[in-house]
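A short write-up of the structure that comes next.
The values are calculated or read from the model by the stated rules, or taken from the named source; none is laboratory data. Please read all numbers here as calculations on a predicted model, not as lab measurements. As a convention, Cβ positions derive from the backbone with ideal geometry for all residues, glycine included, and neighbour counts pool all protein chains shown.
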Amino acid sequence: MARRTTKTPPPDDFEERILDIDVVDEMQGSFLEYAYSVIYSRALPDARDGLKPVHRRILYQMNEMGLRPDRGHVKCARVVGDVMGRLHPHGDTAIYDTLVRMAQPFSMRLPLVDGHGNFGSLGNDDPPAAMRYTECRMTSAATLMVESIDEDTVDFGPNYDGSENEPGVLPAAFPNLLVNGASGIAVGMATNMPPHNLGEVVQAARHLIRHPNADLEALMRFVPGPDLPTGGHIVGLAGIRDAYESGRGTFRIRATATVENVTPRRKGIVVTELPYNVGPEKVIAKVKDLVSAKKLQGIADLKDLTDREHGLRLVIEIKNGFNPEAVLEQLYKLTPMEETFGINNVALVDGQPLTLGLKELLQVYVDHRFEVVRRRSEHRRGKRADRLHLVDGLLVALLDIDEVIRIIRSSDNAAVAKERLMERFELSDVQTQYILDTPLRRLTRFDRVELEAERERLREEIAELTAILESDTLLRKVVSDELGKVAKKFGTPRRTVLLESAGAPAAAVPLQVADAPCRVVLSTTGLIARTAADELPPRPAERAAHDLLVSQARTTTRGQVGAVTTAGRLLRLEVVDLPLLPAGAGQLTPGDAAPVTEFCGDLAPDERVLALTSLDESSPGLALGTERGVVKRVVPDYPANRDELEVITLREGDRLVGAVELATGDEDLVFITSEAQLLRFPASAVRPQGRPAAGMAGVKLPDEARVLSFTAVDPAADAVVVTVATGAEALPGTDFGSVKVTGFAEYPRKGRATGGVRCQRFLRGERELRFAWAGPAPARGATADGEPVALPAVDPRRDGSGTPLGGDLRAVAGPLG
């Protein structure tokens, strides 16, 4: 059986033709056509408006849809659909991705789309919502890109199917290519251009307009480098100059980070700006990987505190014992917190891809604006000339309106009337038709005045436009002035900091804090800090809040100190955990120091830290005094495996009022009671005891009396005693009580467990002391909040009365040894 076929047999006169084509030539030609299509139609921006075809089509279509800043938002899906159906025959995903980027303030230095909804996040960590959810419209800056597009300023061509026309370039009232940058990968070439500051670029363009022969150095005085939307620091400017000269170069972008006290106990690195196109999630993931692989040390925690109110904020807590500056250098080196940006200024000029320097980019844009303004002026002059022609004809008819009406009424039809009017008044066809179409109500005397005013205005405008077209100088001035207005309206301060170099190498800063001698100091307000060396902070000449240092302990940076509390406990503190006092600081402030309670765990509500001790077991030990007059010298025995030690067994209801680390053991111990009795006796009179012991009798107290102060004073040093009695209602001006300052040498030594001698005579109405202190001179006073309180001069009388106090004195301290 024969096989059936559906092929139509060739006609009888069919002549078979076979063309032999070299496959190499065919592939080469086809590939070149494809490459040119990608380069020209998809991947590279035009040097004039800085837009790829998809960007240009989106802006043009949004302008055609009337999506201006003063109109409402519409769904992005509608814009994408119209662009795809009318102008851009490609996938909707590519169009929407382009639309999204034009709305992202962290991608564009001057966004062209005003987005409403989720348009993604920095680094695309959070992708944008689907186009059916988001809405958009043009920004005010985008309207400048299409401004005067309907005035024959640019050439139009057919769209992909020839059914409509689209612009080959936009008028672009500002240099968009430099301001917003561009990126794209074509066949065999690519472009990667960073954003710049609008005000700087416009200043350079205006300078080039005024001085066409300006060199690169002159232009770089206005444009020193890129200005990225995300800020940051550009490190190394040599690559930028190379790019501005040849079109190619590289530079490094570094995140903006500062070292701060993120918690009272720890310093941290706070990142507020990241390199261009780098998101926080990318940095966080890289840091976690490096920490897990033990390639990055010193990081305790990492938190992303970014929000809409404060913007980007990454907080990287640093472990105690590590230098934050050194850790920061490691972060720059190992993570995306420092990235390299390669500039490749490839753009289309007359349809050809060229690599352009800064001057060439500005020159191409300026020439484009010259052409736009020239064509716009020609268009506007033509429109005004046409209107002037009509106005002249209408005024001719108004001069003899009766004759015009007679001719029209006596004519058989409109065509005859038109011919007779043209012949009678020597009018053109257009003028005559306009007269016939004009309603009679406009032919009044008032309208004639308006037409004459309009004629004069049109003649002036035509003269101005003609002057622009005939004068190159005036044309340049118009372009320059328009650019200046754009910069004034849309210019913003520079965000990116330009640095010649990164500064000192990271190797100069050790990663970990060295175990060097230092001191830990405690203030009257309970602030604690460590110094950078084995010396005390300089005492300021004038009193300021928080600068009364009441206790100090010598140690090393990686050592420990003890904090003695009113409950008779000694708590171990890691010195490296304590905040470092800045060099030259003469006082402890909440910004430089931290509350000691932050390092002491759970303290009882009525428990506070009295003093610091060095935990040196070779020292004479601690001297303790309680509110009920008990004294104790503690044998320096501090087991290293215990963070909390009991240094005295207190009787019920008793508490420590003073704790002092003895320097030599030859000091005098001083009790001052509420009944204004002072007892001074040598420390050698107290036998050292073990930590669990309860102490021995120190001062003899009458009923209801209590110890206010317990200190240790070097008998060879210059020292004073400060006492404050409660206010006396009978004496005016003593709201804060009466104060007395007496030389310590005025008080004789007495035996331990005696009552001592009187240290202040009470005035009428005074009942007891409310504050007392003995220590080295000169003494300084403060309130409970650390505010300074002036003290009177030294009174030579041992048991004299006090003088009115000018403030609520709650703390006194002298210079520490």
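Identify, from the list Leu458, Leu483, the residue that is touching a Pro at 6+ places or on another chain (Cβ under 9 Å), of a type outside the set (S, T, N, Q) and assigned to a helix (DSSP H, G or I).
Values: Leu458 fails: touching a Pro at 6+ places or on another chain (Cβ under 9 Å).
Step by step, each of Leu458, Leu483 is checked, and only Leu483 is touching a Pro at 6+ places or on another chain (Cβ under 9 Å), of a type outside the set (S, T, N, Q) and assigned to a helix (DSSP H, G or I).
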Report summary line: Filtering strands (runs of 3 or more DSSP E) wholly in the stretch 336-422 for at least 1 residues that are among the polar types (S, T, N, Q) and in contact (Cβ under 8 Å) with a residue 60 or more places away in the chain gives 338-344, 352-355
Report task. Take the stretch 48-77 and flag every residue that is touching an Asp or Glu at 6+ places or on another chain (Cβ under 9 Å) and more than 26 Å from Tyr365 (Cβ to Cβ). Result -> Met65, Gly72, His73, Val74, Lys75, Cys76, Ala77
Query raised in the report: Which members of the stretch 283-317 meet the condition of being surrounded by 14 or more Cβ atoms within 10 Å (Cβ to Cβ) and either of a type in the set (Asp, Glu) or not assigned by TED's automatic domain parsing to the domain that holds Thr272 (or both)?
Result: Asp304, Glu317
Report task. Please find, within the stretch 531-571, the residue that is modelled with the lowest pLDDT out of those that are among the basic types (Lys, Arg) and either under 22 Å from Glu646 (Cα atoms) or more than 37 Å from the chain's Cα centre (by Cα) (or both). Result -> Arg554
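Identify the residue in the stretch 216-267 that is hydrophobic (A, V, I, L, M, F, W, C) and assigned to a helix (DSSP H, G or I) and, among all such residues, is nearest to Leu354 (Cα to Cα).
Here the residue is Ala243.
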Report summary line: Per the list (1) without any contact (Cβ under 8 Å) to a residue 60 or more places away in the chain; (2) under 19 Å from Leu610 (Cα atoms); (3) part of a loop (DSSP other than H, G, I, E, B); (4) of a type in the set (Gly, Ala, Ser), residue check on Gly658 breaks on (3)
**Report entry** Condition check for Ser411: small (Gly, Ala, Ser), within 30 Å of Arg448 (Cα to Cα), outside the structural domain of Arg266 (by TED's automatic domain parsing) and modelled with pLDDT of 95 or more
**Finding:** no
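Yes/no matrix, rows are residues, columns are (1) closer than 24 Å to Thr340 by Cα; (2) crowded, with 17+ Cβ neighbours inside 10 Å; (3) touching a Pro at 6+ places or on another chain (Cβ under 6 Å):
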| position | (1), (2), (3) |
| --- | --- |
| Gly199 | no, yes, no |
| Gln203 | no, yes, no |
| Arg206 | no, yes, no |
| His211 | no, no, no |
| Thr230 | yes, yes, no |
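Is there a residue in the stretch 141-159 that is among the aromatic types (Phe, Trp, Tyr) and within 27 Å of Pro229 (Cβ to Cβ)?
no
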Query raised in the report: Which numbered condition trips up Arg48, out of (1) more than 22 Å from Gly491 (Cα to Cα); (2) part of a loop (DSSP other than H, G, I, E, B)?
Result: (1)
Report task. Can you work out which of the residues in the stretch 104-128 that are in contact with a Lys or Arg (Cβ under 6 Å, 6 or more places away or on another chain) and not in a strand (DSSP E or B) is modelled with the lowest pLDDT? Result -> Gly123
Query raised in the report: From the set of residues in the stretch 51-91 that are part of a helix (DSSP H, G or I) and among the small types (Gly, Ala, Ser), which is farthest from Thr143 (Cα to Cα)?
Result: Gly85
Query raised in the report: Is at least one residue of the stretch 413-431 under 18 Å from Ala385 (Cα atoms) and among the polar types (S, T, N, Q)?
Result: yes
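Restricting the stretch 213-228 to residues that are more than 20 Å from the chain's Cα centre (by Cα) and within 24 Å of Leu110 (Cα to Cα), which is surrounded by the fewest Cβ atoms within 10 Å (Cβ to Cβ)?
It comes out as Arg221.
Can you find, within the stretch 735-778, the residue that is farthest from the chain's Cα centre (by Cα) among those that are outside any strand (DSSP E or B) and among the hydroxyl-bearing types (Ser, Thr, Tyr)?
Thr754
Can you confirm whether the stretch 233-251 contains a residue that is of a type in the set (Phe, Trp, Tyr) and more than 20 Å from Asn192 (Cβ to Cβ)?
no
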Requested in this report: With the condition kept exactly as written, say whether any residue in the stretch 108-120 is under 23 Å from Glu164 (Cα atoms), out of contact with any helix residue (DSSP H, G or I) (no Cβ under 9 Å at 6 or more places or on another chain) and not aromatic (Phe, Trp, Tyr).
Outcome: no
Requested in this report: Looking only at the stretch 561-574, decide whether some residue is out of contact with any Gly (no Cβ under 9 Å at 6 or more places or on another chain), closer than 27 Å to Gly298 by Cα and β-branched (Val, Ile, Thr).
Outcome: yes
